[in-house]
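Read the figures in this text as sums done on the coordinates, not as results from a lab. Note that the coordinates shown come from a computational prediction; the quantities given were computed from them, not determined experimentally. Cβ coordinates were reconstructed from backbone atoms using ideal geometry, including for glycine residues, and neighbour counts include every protein chain displayed.
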Amino acid sequence: MGVKKYLIFGLLYIAVLMAVVVSLGLESYKLVMFGYFQEFPMVVWIVSPVVLLFLATVAHLIFYWIKSVINTNAIKNDEAKLIQLIKHKLSGSTQEVKPTNMHMSNIAGVLSKLHITNDKDNADTPSQTINSLIVALNNIQNSKHENLKEFNLNTDAIVLEQNDQNKITQDENYATTIIKKPVNYSDTQIKIAFMKLLNDNKIGQIKLSLKDIKLDTDMLFALLETNSNESKELIFDNDQVIQMVADMKLSSKEYKKIAKIYLNKMAPEQLSSLFEKFFTIDENSIEAYLLVLFELGMIDDVREILANSKKEEYLKFKALIQLKEAGKYYTYNNLFS
């Protein structure tokens, strides 16, 4: 029986008992004990023990009701913690949770040791929160951006990084914000935003913030490739290209890649001047410079460099000179490899 029903029926019983005792017309009763006495009407003597028992029973019921509510809330809280732990595992977070109940804590300890993945074709668990998270995770894996605030994921969750990358690739304004103030973002975010704006033909926006961006080789070559394909004129002059390359310590192969990018895209005078400057600051650029000189027909300059080289250096170019002098067919496309 619930507390409310017990109160109603208990009070009703007391009222009926009082009515019955009063209707009997019983006189007062005097209780004498150890020289003391107390006199009350019979209705008081009869009903008082019932009232006291009723109050004690109500107190007992309320105590266990409160205890039950506390236990139920504790179980609900621990259940929520277990759901949170599953969300952590699904999202790639290492965050731990500690339920208060010993048995729930044991379950959490087991779950924390497991690797939990979602079924891409199924999201019908008893928890609607987990179902919604699985749908969101699937969308993120399919390169979509999702609002994950409702799931209260930990900041170390791997999925947050992937979700942010999806946002960058889909939101040009967000990518622009990152490029404008790269100091507030990670290298990965900057690189993705950089490539996004290049793909969207926003090289001018990149140029405005280039001084604050640390380029890697992928970003450098993507930028130079885009620059070389400008239909009107090159956005970056030689000094700017040299400044970009200055701190990167490129290999000989990478300098030849730059030569390949700008051949037939840059004016001959500008191209030869660019690689002449490279030649003066980095010996790794020498083969690329020779390649440019060959392409531009500046054979005398090639001979001068080769004449001042060691016997075992630049053998491919020396062979090409001999073929050219003998009037033989030659190619140097393989030097780009």
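Scalar couplings 3J(HN,Hα) for segment 281-290, obtained by applying the Karplus form with A = 6.51, B = -1.76, C = 1.60 to θ = phi - 60°, are 10, 8, 5, 5, 8, 5, 4, 5, 5, 4 Hz; x denotes Gly and Pro.
Applying 0.36 nm per residue to the separation of Ile305 and Met42 and subtracting their alpha-carbon distance, the gain on full extension is 81.7 nm.
Hey, what did segment 11-170 get for relative contact order, percent, Cα under 8 Å, at least 6 apart?
On the way: 134 pairs, mean separation 26.9, N = 160.
17 percent.
The length gained on full extension between Lys214 and Asn184, counted as 0.36 nm times the residue separation minus their Cα-Cα distance, comes to 9.5 nm.
Can you tell me, using C-alpha contacts under 8 Å and at least 6 residues apart, the relative contact order of segment 234-337 as a whole percent?
On the way: 68 pairs, mean separation 26.9, N = 104.
Taking the mean separation of contacting Cα pairs over the length of segment 234-337, I get 26 percent.
Expressed as a whole percent, the proportion of Cα-Cα pairs in segment 63-194 lying more than 25 Å apart is 40%. Rg/Rh for segment 114-161 (Cα atoms only, Rh after Kirkwood) is 0.93. Taken as Cα centroids, segment 108-172 and segment 44-84 sit 41 Å apart, rounded to the nearest whole angstrom.
Note on the chain: with a GNM built from Cα contacts shorter than 10 Å, the maximum mean-square fluctuation among Glu254, Glu161, Glu313 falls on Glu313. Put simply, when 7-16, 317-326 are sorted by average Cβ atoms within 10 angstrom per residue, most first, you get 317-326, 7-16. All C-alpha to C-alpha distances of segment 234-337, sorted into 5 Å bins beginning at zero, yield P(r) values of 2, 12, 25, 25, 20, 10, 4, 2, 0 percent in whole numbers.
Pairs from the table (Lys211/Lys318; Lys180/Lys256; Lys180/Lys260; Lys211/Lys257; Lys257/Lys324; Lys67/Lys98) lying more than 28 angstrom apart at Cα are Lys211/Lys318; Lys180/Lys256; Lys180/Lys260.
Using C-alpha pairs below 8 Å separated by at least 6 residues, the relative contact order for the chain is 8 percent.
All alpha carbon pair distances within segment 3-91 were sorted into 5 Å bins beginning at 0; the resulting P(r) in whole percents reads 3, 11, 12, 12, 10, 9, 9, 6, 6, 5, 4, 4, 3, 2, 2, 1, 0.
A dipole drawn for segment 3-91 from +1 and -1 charges on Cβ atoms has a positive end, and of Met18, Ile86, Asn73 the residue lying farthest that way is Ile86.
So what is log10(I(q)/I(0)) for the chain at q = 0.07 1/Å, when the Debye sum runs over its Cα atoms only? Values, matching the q order: -0.61.
A simple rule links phi to the HN-Hα coupling: the Karplus curve 6.51 cos²θ - 1.76 cosθ + 1.60 with θ = phi - 60°, which for segment 148-154 gives 9, 4, 5, 8, 6, 6, 6 Hz, with x for Gly and Pro.
Among Ile213, Ile107, Ile158, the largest mean-square fluctuation in a Gaussian network model of the chain (Cα springs under 10 Å) belongs to Ile107. If R0 equals 22 Å, the separation of the Cβ atoms of Ala74 and Val135 corresponds to a calculated FRET efficiency of about 0.15. Annotation: amide H-H contacts under 5 Å for Phe236 (H modelled 1.01 Å from N, sequence separation of 5 or more, or interchain): none.
Rounded to the nearest 20 debye, the dipole magnitude of segment 234-337 is 520 debye, with +1 charges on Lys and Arg beta carbons, -1 on Asp and Glu beta carbons, and the Cα centre as origin.
The ratio of the alpha-carbon radius of gyration of segment 165-259 to the globular-protein estimate 2.2 N^0.38 Å is 1.06.
Residues with beta-carbon under 14 Å from that of Thr280, excluding Thr280: net charge, scoring Lys, Arg +1 and Asp, Glu -1? Let's see the in-between values first.
On the way: positive: Lys277; negative: Asp239, Glu276, Asp282, Glu283, Asp301.
Combined, the nearby Lys, Arg, Asp and Glu give -4.
With the alpha-carbon atoms of segment 263-314 aligned to their principal axes, the span from lowest to highest coordinate is 33, 22, 12 Å, starting with the largest.
Evaluating 6.51 cos²θ - 1.76 cosθ + 1.60 at θ = phi - 60° for every residue in segment 302-308, the Karplus couplings come out as 5, 4, 5, 5, 5, 5, 9 Hz, glycine and proline recorded as x.
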